[in-house]
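Have a look at the structure below before the remarks.
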Amino acid sequence: MEIRRTRYDAPDAVKLNDLVQQEYVRRYGDGDVSPMDAAHFEPPRGLYLLVYDPDGTPVASGGWRAQDASPEGFADGDAEIKRMFVVPQARGRGLARALLAELEATAAAAGRTRMVLETGLRQPEAIALYGSCGYLSVPKFGFYRHDELSLCMGKGLTADLRI
């Protein structure tokens, strides 16, 4: 496995984003329409990563983008996780956990103090992963903050920050 930095709009990233959108359609009836732009994931205010199998096939994706206090419910110092996804044939190998650890480390190194994410109640695997990695429920934020199926979670990236 190799984790590589890439652009959100790079061909392999687009390929995996299309697959995650299909997953959302299957679970929720439509794709995620949160406003997203490749510029959101440009260092130092963001980062996008892909995980590749040894044969060069992209099998997982995820990124973070900086957020600060806003009417959408973010707080100063937030890093918002977006598009965490592992292709079905690569699941169960610890790729999501490794990718999440890298996202947390890079966000902390960029000065972000809290990692936050929005998932949905129809994604029990994601909820279990994040919970096992120390994420707790936080007040809803973001594009889907008023959706009854939305669940927001967060984790402090510094020892002195409690959620």
With criteria (1) surrounded by fewer than 15 Cβ atoms within 10 Å (Cβ to Cβ); (2) part of a strand (DSSP E or B), G63 comes up short on (1)
Filtered residue count, region 1-16, keeping only those that are of a type in the set (A, V, I, L, M, F, W, C) and assigned to a helix (DSSP H, G or I): 3
What are the residues in region 86-109 that are touching a helix residue (DSSP H, G or I) at 6+ places or on another chain (Cβ under 7 Å) and buried (at least 20 other Cβ atoms within 10 Å of the Cβ), if any? V86, A96
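Yes/no matrix, rows are residues, columns are (1) in contact with a helix residue (DSSP H, G or I) (Cβ under 7 Å, 6 or more places away or on another chain); (2) under 11 Å from F85 (Cβ atoms); (3) modelled with pLDDT of 95 or more; (4) crowded, with 16+ Cβ neighbours inside 10 Å:
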position	(1), (2), (3), (4)
E2	no, no, yes, no
R5	no, no, yes, no
P11	no, no, yes, no
G31	yes, no, no, no
G46	yes, no, yes, yes
Residue list for region 120-157, restricted to those being crowded, with 18+ Cβ neighbours inside 10 Å, hydrophobic (A, V, I, L, M, F, W, C), outside any strand (DSSP E or B) and touching a Phe, Trp or Tyr at 6+ places or on another chain (Cβ under 9 Å): F141
Which one of these does Y130 not meet: (1) more than 15 Å from S34 (Cβ to Cβ); (2) at pLDDT below 95; (3) not aliphatic (A, V, I, L, M)? (2)
For region 17-53, which residues satisfy the criterion of being hydroxyl-bearing (S, T, Y), outside any loop (DSSP other than H, G, I, E, B) and farther than 24 Å from M1 by Cα? Y24, Y28
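The values are calculated or read from the model by the stated rules, or taken from the named source; none is laboratory data. Quick caveat, the model's predicted, so the values are computed rather than measured. Cβ coordinates were reconstructed from backbone atoms using ideal geometry, including for glycine residues, and neighbour counts include every protein chain displayed.
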